[in-house]
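A short reminder: the numbers here are calculations on the coordinates, not readings from a lab. Computed from a predicted structure; not experimentally measured. Here Cβ is always computed from backbone atoms with ideal geometry, including for glycine, and neighbour counts include all displayed protein chains.
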Amino acid sequence: MSLDDEEVLIGNFIGDFVKGHAWKNYPIGVQKGILLHRAIDSFTDHHTITDVSVRRIRPFAGRYAPPFVDILYDHLLAVHWKQYTAESFDDFAARTYAILESRVADMPEVLRARMPRMLEGKFLHGYTHREGLEWVLGKFSLRLAGNFDSSGLSRCFFEEIDAFSADFNAFFPDLLAMVNTHR
């Protein structure tokens, strides 16, 4: 979603960690990435197809179902990668890791502290397999107030992965079109 622009990639990556109007403190290209990240989140949260996935996991994730669907869709993007680009996932990840490593100083403090471990663990590759996705779901649920059944959510997701994949594959072309328009 960064459109092969390093500045936009950085902004898109840090988007969840830049609150309010703080985006204005970054260079123009990074600002574009932060605003793109916000547009993607809004588009995803209001799309009728993602709402189907949200309803499916609401018993496990409650009001936090939308961000959990974002995580599940990250996994599905990795699984269905070849449908959407000719670039191999490994090449994309290696290029992304190199950019992120070179731009750590441009990130909010919380990301600067996490980045070495994230890069060492090849965090993008974690989305390519069940164990990695379950780890992310568990870690994310720890950051939220309330009780979450991340193992039940994972079980539901993998039992119904064909339905979630159908949702994702119907939604993702719309997202790509929105990103191209946003550009």
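Values for this structure:
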quantity	calculated
Net charge over other residues, Cβ less than 13 angstrom from the Cβ of Phe43 (K, R count +1; D, E count -1)	-4
Most mobile of Thr128, Thr44, Thr85 in a GNM of the chain (Cα contacts under 10 Å)	Thr85
Residue among His75, His125, His46 with the largest mean-square fluctuation in a Gaussian network model of the chain, springs linking Cα atoms under 10 Å	His46
Order of His47, His80 - criterion: other Cβ atoms within 10 Å of each residue's Cβ, fewest first	His80, His47
Prolate/oblate/rounded call for region 105-183, Cα gyration tensor, a/c under 1.5 rounded	oblate
Per-residue [θ]222 nm for the chain (sum of -39500 (n - 2.57) over DSSP H runs n ≥ 4, rounded to 500)	-22500 deg cm²/dmol
Spin-label model distance (nm) - Asp16 vs Arg63, 7 Å beyond Cα toward Cβ	1.9
Approximate spin-label separation Gln83-Arg155, in nm, with each point projected 7 Å along Cα-to-Cβ	2.7
Fewest-first sequence of Val54, Val18 by Cβ atoms within 10 Å of each Cβ	Val54, Val18
Highest-MSF residue in the chain out of Val110, Val136, Val79 [GNM, Cα springs under 10 Å]	Val110
Residues of type aspartates and glutamates that Lys139 reaches as a straight line, Cα spacing below 18 Å, ignoring anything fewer than 8 places off in the same chain	Asp16, Asp70, Asp74, Glu120, Glu131, Asp149
Spatially proximal lysines relative to Lys24 (Cα-Cα < 23 Å; intrachain offsets below 8 disregarded)	Lys32
Total formal charge among the other residues, if their Cβ is under 14 angstrom from that of Leu119, Lys/Arg +1 and Asp/Glu -1	+4
The chain: DSSP helices with Cα axial extent of at least 15 Å and average Kyte-Doolittle hydropathy no lower than -0.5	28-45, 48-61, 65-79, 89-102, 109-120, 130-142, 161-182
For region 84-144: rounded, prolate or oblate by the Cα gyration tensor [a/c cutoff 1.5]	oblate
Pair His182, His129: separation of 7 Å Cα→Cβ label points (nm)	3.1
Net +/- balance of residues flanking Lys82 in space, Cβ distance below 15 Å, scoring K and R +1, D and E -1	-3
Region 42-116: Rg to Rh, with Rh as the Kirkwood radius over Cα pairs	1.07
Extension gain from Arg38 to Ala94, taking 0.36 nm per residue of separation minus the Cα-Cα distance	17.7 nm
Fraction of the pair-distance distribution of the chain above 25 Å, Cα-Cα pairs, percent	35
Residue order, fewest to most surrounding Cβ atoms within 10 angstrom, among Asp91, Asp70	Asp91, Asp70
